[in-house]
Amino acid sequence: MLGEGSQYTHIMESAAATILKRAVEMDKSEQYTMALVLYQEGVQILLDSMKETKDPARQKHFATRASEYLDRAEKLKALIDKKKTTGTYRELTKIENGSTGHGYDSVLGRFLDASVTYIHIEDPYIRTFHQVLNTIMCQNLVRLCELAVRKCHALSKMSLVTTEDTEDKKGQIGRLEELKKSLTAHLISFEIKFSDTLHDRQISLSNGWVIKIGRGLDYFKAPDGKFVLGACDLELRPCLETTVDIFHKNQLKNDVT
């Protein structure tokens, strides 16, 4: 029977193997930014496992595996930086109908960091409070803002371009103004513009990353109830089928429109 310490390191090694397997899959499918995050996460678990075991052979095993994956992570980082510099970086992901694990943090959280000072959102359907399948679009926008505030410590400005809700313009403006007031309390300005011709949906970050989601922020199915998994946590919410197109621009000004 494994001792308590051995059992713990075995569990950690199993977790690292699962994460690193997915990292390799993402790497092969050219989802490089996601692969990089997974490589780094898996390597950290291997290094932690190395510290937990007193067996020299196991320590060497963990160190060797960590070194191999860390080497790939470093090469991947260099590849991403090179493609960013030349403006050729692109990731295209398909979110399958009914799949989970695609909350805003998973889809774009890895691009939200201290380098982001400005976020521009274009989505024509931040309008009525109740959307098709009872998806609450304005609340989804709030969820995205919450994620940005938590991750982007230098964030000072956000802007939104959407279309007017002709049936409830007053309610639409009221909800957006409430969000604006809340963001202002965090020293973040929020600019709202309306367009009659807006069609594209995208999120542009001041660090150059652009995320285009086919359905915009509204790619989640309605939960089966108020007290089911996924009702609050979007990572557990089943999704509608859509595509996510991610690319990088060398320069992105704060007056993007």
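For the stretch 111-124, filtering for residues that are touching a strand residue (DSSP E or B) at 6+ places or on another chain (Cβ under 9 Å), surrounded by fewer than 19 Cβ atoms within 10 Å (Cβ to Cβ) and at pLDDT 95 or above leaves 2. For the stretch 184-197, the candidate set comprises residues that are in a loop (DSSP other than H, G, I, E, B) and under 22 Å from the mean Cα position of the chain (by Cα); within that set, the residue that is farthest from Asn250 (Cα to Cα) is His186.
Residue-by-condition table, conditions (1) out of contact with any Pro (no Cβ under 8 Å at 6 or more places or on another chain); (2) not in a helix (DSSP H, G or I):
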{"site": "Gln172", "(1), (2)": "yes, no"}
{"site": "Arg175", "(1), (2)": "yes, no"}
{"site": "Leu179", "(1), (2)": "yes, no"}
{"site": "Ser182", "(1), (2)": "yes, no"}
{"site": "His199", "(1), (2)": "no, yes"}
{"site": "Ser204", "(1), (2)": "yes, yes"}
{"site": "Ala222", "(1), (2)": "yes, yes"}
{"site": "Leu229", "(1), (2)": "yes, yes"}
{"site": "Cys232", "(1), (2)": "yes, yes"}
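Residues in the stretch 129-149 that are assigned to a helix (DSSP H, G or I), at pLDDT below 95 and open to solvent by less than 40 Å² (accessible area, probe 1.4 Å): Met137, Cys138, Asn140, Leu141. Filtering the stretch 209-219 for residues that are at positive phi, buried (at least 19 other Cβ atoms within 10 Å of the Cβ) and touching a residue at least 60 places away in the same chain (Cβ under 8 Å) leaves a non-empty set.
For the stretch 142-197, the set of residues classified as under 21 Å from Asp218 (Cα atoms) and aliphatic (A, V, I, L, M) consists of Val142, Leu144, Leu147, Ala148, Val149, Met158, Leu160, Val161, Ile173, Leu176, Leu179, Ile192, listed by residue number.
When Met12 is tested against (1) assigned to a helix (DSSP H, G or I); (2) of a type outside the set (Ser, Thr, Tyr); (3) surrounded by fewer than 17 Cβ atoms within 10 Å (Cβ to Cβ), exactly one condition is not met: (3). Please go through (1) buried (at least 16 other Cβ atoms within 10 Å of the Cβ); (2) modelled with pLDDT under 95; (3) in contact with a Ser or Thr (Cβ under 6 Å, 6 or more places away or on another chain) for Ser206 and return the number of the only condition it doesn't satisfy. Of the numbered conditions (1) buried (at least 16 other Cβ atoms within 10 Å of the Cβ); (2) modelled with pLDDT under 95; (3) in contact with a Ser or Thr (Cβ under 6 Å, 6 or more places away or on another chain), the odd one out for Ser206 is (2). The number of residues in the stretch 81-119 being in a loop (DSSP other than H, G, I, E, B), of a type in the set (Gly, Ala, Ser) and under 12 Å from the mean Cα position of the chain (by Cα) comes to 2.
Do we have any residue at all in the stretch 239-250 that's open to solvent by 50 Å² or more (accessible area, probe 1.4 Å), of a type in the set (Lys, Arg) and assigned to a strand (DSSP E or B)? For the stretch 239-250, residues open to solvent by 50 Å² or more (accessible area, probe 1.4 Å), of a type in the set (Lys, Arg) and assigned to a strand (DSSP E or B): absent. Restricting attention to the stretch 150-191, the residues that are β-branched (Val, Ile, Thr) and surrounded by fewer than 17 Cβ atoms within 10 Å (Cβ to Cβ) add up to 3.
Taken over the stretch 30-83, residues that are hydroxyl-bearing (Ser, Thr, Tyr), crowded, with 17+ Cβ neighbours inside 10 Å and free of Cβ contacts under 8 Å to residues at least 60 places away in the same chain amount to 5.
The values are calculated or read from the model by the stated rules, or taken from the named source; none is laboratory data. This structure is a prediction, so every number in the text was calculated from the model and none was measured. Cβ coordinates were reconstructed from backbone atoms using ideal geometry, including for glycine residues, and neighbour counts include every protein chain displayed. Calculation scope for accessible area: heavy atoms of the full protein, side chains included, ligands and nucleic acids excluded. Shrake-Rupley method; radii C 1.70, N 1.55, O 1.52, S 1.80 Å.
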